[in-house]
Amino acid sequence: MISVTCEKCRRRFTPTAEEIQTYLAAGQGKKHAQVLCPHCGKENKVALERLREAVRFAPPA
Ligand SMILES: [Zn+2]
């Protein structure tokens with residue numbers, strides 16, 4: 001899975017495969033997705049390529 005460090009609160013979190021699919025769908029045609037930090041609600045820019053690889057290695061059940 002993918003681990004994101006929030007640029008505001010500096011806490012780490014891991015979006016679920018389902019959330020990643022949503023971000024990929026929303027980010028079509030862009031280079032980055034805005035991934036919401038569950039701790040403080042800050043949007044963190046994450047490269048779509050990273051998200052794609054995360055679901056490739058952890059396909060939804
Ligand atoms: Zn945060």
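Quick note: the coordinates plus some simple rules give every number you see, no bench work behind them. Note that the coordinates shown come from a computational prediction; the quantities given were computed from them, not determined experimentally. FYI the Cβ positions are ideal-geometry reconstructions off the backbone, even for glycines, and counts take in every protein chain you see.
General remarks:
- Across region 1-34, the qualifying residues are those that are of a type in the set (Lys, Arg) and in contact (Cβ under 8 Å) with a residue 12 or more places away in the chain, and the one among them that is farthest from Arg52 (Cα to Cα) is Lys8.
- Where Leu51 falls short, out of the listed (1) more than 9 Å from the ligand (Cβ to nearest atom); (2) more than 9 Å from the chain's Cα centre (by Cα); (3) surrounded by 11 or more Cβ atoms within 10 Å (Cβ to Cβ); (4) not basic (Lys, Arg): (2)
- Contact map, region 35-48: residues that are within 7 Å of the ligand (Cβ to nearest atom) paired with residues that are assigned to a loop (DSSP other than H, G, I, E, B), Cβ distance under 6 Å, separation 6+ or inter-chain. Pairs shown: Cys37/Cys6; His39/Cys9; His39/Arg11; Cys40/Lys8; Cys40/Cys9; Lys42/Cys6; Lys42/Lys8.
- Considering residues of region 21-37 that are of a type outside the set (Ser, Thr, Tyr) and in contact with a Pro (Cβ under 9 Å, 6 or more places away or on another chain) only, the residue surrounded by the most Cβ atoms within 10 Å (Cβ to Cβ): Val35
- Selection status of Gln21, more than 10 Å from the ligand (Cβ to nearest atom) and in a strand (DSSP E or B): no
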